[in-house]
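Notes follow once the structure below has been shown.
The values are calculated or read from the model by the stated rules, or taken from the named source; none is laboratory data. Keep in mind that what you see is a predicted model, and the values were worked out from it rather than measured. Cβ placement follows ideal geometry from the backbone for every residue including glycine, while neighbour counts extend to all protein chains displayed. With ligands, DNA and RNA removed, areas are computed over all heavy atoms of the protein, side chains included. Shrake-Rupley method; radii C 1.70, N 1.55, O 1.52, S 1.80 Å.
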Amino acid sequence: MNDLTPFDEITAKLPQLSAFQAVWNEAEELLTETHPEGFEVEEIGRIAFDCLPDEEKPAALDALFYCWWTALQSDRERRAAFEAMGGAL
């Protein structure tokens, strides 16, 4: 028996934002509106992290650590590929 509405079935397939992703998006929108001349990405992160409830902060740090690791691994793979090609573009 399926108790989901058609709307529930469609939205269940969409990626779910974490609390950190949601406040990140809000902070980015705020800074884009209030500082059209530009801003540093760190400002988004600091605003977002500061706005999180304390119980959400450990999960946000885990996401940041994972993101950092993923970027580091990607950079290592690109460098290895570059060097394997003789360092030429």
Worksheet, complete the sentence: Computed over the chain, protein heavy atoms only, probe 1.4 angstrom, the accessible area per residue in square angstrom equals 85 Å²
Practice prompt. Could you work out the local net charge near Leu72, counting Lys and Arg as +1, Asp and Glu as -1, over the other residues with Cβ closer than 12 Å to its Cβ?
Written response: +1
Worksheet item: Which residue, Leu30, Leu52, Leu72, has the most motion in a Gaussian network model of the chain that connects Cα atoms within less than 10 Å?
Response: Leu72
Worksheet entry | Net dipole in debye of the chain [+1 Lys, Arg Cβ; -1 Asp, Glu Cβ; about Cα centre; nearest 20] | 560 debye
Worksheet, complete the sentence: Charge dipole of segment 4-89 built from unit charges on the beta carbon (Lys, Arg +1; Asp, Glu -1), centred at mean Cα; most positive-end Cα among His35, Gln73, Val23 is Gln73
Fill in: Per-residue HN-Hα couplings for segment 8-14 [Karplus 6.51, -1.76, 1.60; θ = phi - 60°; Hz; x = Gly/Pro]
4, 5, 5, 6, 5, 8, 7
Item to complete: Under 12 Å from the Cβ of Glu43, count the other residues' Cβ atoms, weight Lys and Arg +1, Asp and Glu -1, and hand me the total.
Response: -3
Worksheet item: Build a GNM of the chain with springs between Cα atoms under 10 Å: which of Phe20, Phe49, Phe65 gets the top mean-square fluctuation?
Response: Phe65
Response to the item:
In nanometres, the difference between 0.36 nm per residue of separation and the alpha-carbon distance of Arg76 and Ile10 is 20.0 nm
Worksheet item: At a 1.4 Å probe, what is the % contribution of carbon and sulfur to the accessible area of the chain?
Response: 60 percent
